[in-house]
Each structure stands twice: as structure tokens, then as C-alpha cells.
Amino acid sequence: MEKKQNAPGTPREHAGACNTHCKGNNFPVKLSFHQKRVYDLLSDGAHHSNADITRVLGLSDPRSVIRDLRHKGVPISDELCPAVHGGRFKRYFIRK
């Protein structure tokens, strides 16, 4: 029986990450693929709800990606909006 060789592991913080600079800021941030997509969508200045982000990007939980971006120092703002049927929801955006 042949012995299979395993590829060397990649540190978790570098797996699928890309370097980018936040628009309007001078600090480098390392973003994953999904974080970069959400960042690019929110950077246009338009206000997007959780449902909008899910529909446009196909993410199942964009709020966790937004939470992780905030932990990395990305200044994501939100506003609470009333829903048609009496509920509430948030719209997320990055100020220009």
C-alpha cells in the first residue's frame, strides 16, 4: 500500500484572505473573500438591509460577516428602520 503525502497546512488566518486598504482609511486590513464582497457592497454609500445583502451576494448570514468586519476596525454604520408589519430591521452602510 502506498503512503499518501499530505500537503502542508495553511495557517487559518491566512486561508483565503486577501490584503486590501479600507477606503478613506490608511490602515491595511486582511479580509476574507466574503468580507471583501460585503465591504465592497457597503462601500458604495447605499443603505442595505440583511435581506438585501443575502439576495445580492448569496450569503446565508451577512450579519456575522459585518460583525467580523467591525472587529477588524471597518467603520460600518447602521440605522434602525420600521418595517411595514410593525417590526424593525437594520440597514448597514459605510459612510464616504
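The values are calculated or read from the model by the stated rules, or taken from the named source; none is laboratory data. All of these numbers come straight from a predicted model, not from anything done at the bench. Reconstructed Cβ throughout: ideal geometry from the backbone, glycine too, with neighbour counts over all protein chains shown.
Checking the stated criteria, ASN50 turns out to be surrounded by 10 or more Cβ atoms within 10 Å (Cβ to Cβ), polar (S, T, N, Q), modelled with pLDDT of 90 or more and closer than 22 Å to LYS96 by Cβ. Among the residues of the range 37-53, the one identified as farther than 11 Å from ILE94 by Cα and not in a helix (DSSP H, G or I) is SER49. Checked against (1) free of Cβ contacts under 8 Å to residues at least 40 places away in the same chain; (2) surrounded by fewer than 12 Cβ atoms within 10 Å (Cβ to Cβ); (3) farther than 22 Å from LYS30 by Cβ, ASP78 meets all criteria but (2).
Scan the range 81-90 for residues that are in contact with a helix residue (DSSP H, G or I) (Cβ under 8 Å, 6 or more places away or on another chain) and either farther than 23 Å from SER32 by Cβ or loosely packed, with under 11 Cβ neighbours inside 10 Å (or both) and jot them down. PHE89, the sole residue that qualifies.
Looking only at residues that are among the polar types (S, T, N, Q) and in a helix (DSSP H, G or I) in the range 54-75, which one is surrounded by the most Cβ atoms within 10 Å (Cβ to Cβ)? Per the stated criteria, the residue is THR54.
Taking the range 53-75 as the range and being at pLDDT 95 or above and of a type in the set (Val, Ile, Thr) as the test, the residues that pass are ILE53, THR54, VAL56, VAL65, ILE66. For the range 54-75, a residue qualifies if it is under 10 Å from the mean Cα position of the chain (by Cα) and within 15 Å of ILE94 (Cβ to Cβ), and the qualifying residues are PRO62, VAL65, ILE66, ARG67, ASP68, LEU69, ARG70, VAL74. For PHE33, the test of being at pLDDT 60 or above, out of contact with any Asp or Glu (no Cβ under 6 Å at 6 or more places or on another chain) and surrounded by fewer than 17 Cβ atoms within 10 Å (Cβ to Cβ) is passed.
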